[in-house]
Amino acid sequence: MNDLTELQAFGRDLDQVNSGPSPELRHRVLREFAEPPGRARQRTPRFRIGWRVAITGGLPAVLAAALLIGPARSWWGGPPAVPAQAAQILELAAGAARHQPTLTVRPSQFVFIRQLEAYAAISVGPSGRNNVTPHTAQSELWLSASGARKGLERTQPRSSPLPGHPTGPWQTSTLGVDRRDPAYLPGLPTSTEAMLRYLYRNSEGQNPPDQQAFISAGDLIRERYLRPAALAAVFEAVARIPGVVIVHGAVTVDGTRGIAVQRIFGGNSYQLIFDPRTYAFIGERQVVVRGLPGIKVGTVMDFTAVLRVAIVDHAGQQPGS
């Protein structure tokens, strides 16, 4: 079995995208809801399919009607169109976010992020057929809190499935200064309504507004440090975006099972994954749900599992050193 087949099987077998919730999970979510627990940064060294650009190449840009519940209304008009279960998961995630410790960040410092990644690079062969090449890696990032200092990225290729074993040496790249894209945003909104407006007004992609707002939420929490109140507001705002539904049996890139919310667009499921016990955010995925020649349904186009987030004084410094 080659890497691509493994990646496809991983998404198909462990995540039934269209499946409904089990009675056990429904009972647990409803019980815990009563007592809540107490990306894309542009970098030149790597090109990947991420959240900022949906895969559209010939795919119908329509939502899968079977996965939508409620009318697709815009956020500024009428009641939320998110199914109750997805809203409950996001409310629990917001509660978990509020209980995270608040880290002290100075503008001169760096946000350190260790994560596992698997992504599929698409190329078009001479025959015009799509070719999908899987890549798996572990990465460590040092991102300037203010955007005013150069950062670092270390990436090590890994065998599949992750965490796997190293298949090559660490490769280090310098990240340029970008004051427009700091890794720490202390002024982010902390209320649901204000964050919802922020997501819609600060979306840079060309997708329809609701889809772009969902993508922007993923961009906002990826490779940044958000204060607990702001992170909670992001999850609460996502619960107000029409078309967001629950996903059962979702897994992160390291095989950790979770519970997720998704939005279907352009033949792809965009997912935020949470720990099913604590509801802490643990990763994200992009899964093909309507295939093209060479790209099968169930192919996982993008995985990310966050292993560690910390604040350090210097690029290259390991947490605790």
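To keep it simple, each residue is scored yes or no on (1) within 29 Å of Arg149 (Cα to Cα); (2) touching a Cys at 6+ places or on another chain (Cβ under 9 Å); (3) surrounded by 19 or more Cβ atoms within 10 Å (Cβ to Cβ).
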residue: Ala217; (1), (2), (3): yes, no, yes
residue: Glu223; (1), (2), (3): yes, no, yes
residue: Pro228; (1), (2), (3): yes, no, no
residue: Leu272; (1), (2), (3): no, no, yes
residue: Gln286; (1), (2), (3): no, no, yes
residue: Leu292; (1), (2), (3): no, no, no
query: Right, Ile215: in a helix (DSSP H, G or I), touching a Ser or Thr at 6+ places or on another chain (Cβ under 8 Å) and β-branched (Val, Ile, Thr) or not?
result: yes
query: Is at least one residue of the range 157-178 farther than 30 Å from Ile295 by Cα and at pLDDT below 90?
result: yes
field: the range 160-178: number of residues that are open to solvent by less than 60 Å² (accessible area, probe 1.4 Å) and touching a helix residue (DSSP H, G or I) at 6+ places or on another chain (Cβ under 9 Å)
entry: 1
query: Looking at the range 135-157, which of its residues are among the charged types (D, E, K, R), open to solvent by 40 Å² or more (accessible area, probe 1.4 Å) and in a strand (DSSP E or B)?
result: Arg154
Residue in the range 108-121 that is most open to solvent (accessible area, probe 1.4 Å), counting only those that are touching a strand residue (DSSP E or B) at 6+ places or on another chain (Cβ under 8 Å) and of a type outside the set (A, V, I, L, M): Arg114
- prompt: Inside the range 242-315, counting only strands (runs of 3 or more DSSP E) that do not spill past its ends, which hold 3 or more residues that are under 15 Å from Glu117 (Cα atoms)?
  reply: 268-274, 281-288, 300-312
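Please determine, by comparing only the residues of the range 286-319 that are under 10 Å from the mean Cα position of the chain (by Cα), modelled with pLDDT under 90 and not hydrophobic (A, V, I, L, M, F, W, C), which one is nearest to Ala97 (Cα to Cα).
Thr304
The values are calculated or read from the model by the stated rules, or taken from the named source; none is laboratory data. These numbers come from a predicted model, not from an experiment. Cβ atoms come from the backbone with ideal geometry, glycine included; neighbour counts cover every protein chain shown. Accessible surface is based on the protein model in full, side chains and every heavy atom, while ligands, DNA and RNA are left aside. Shrake-Rupley method; radii C 1.70, N 1.55, O 1.52, S 1.80 Å.
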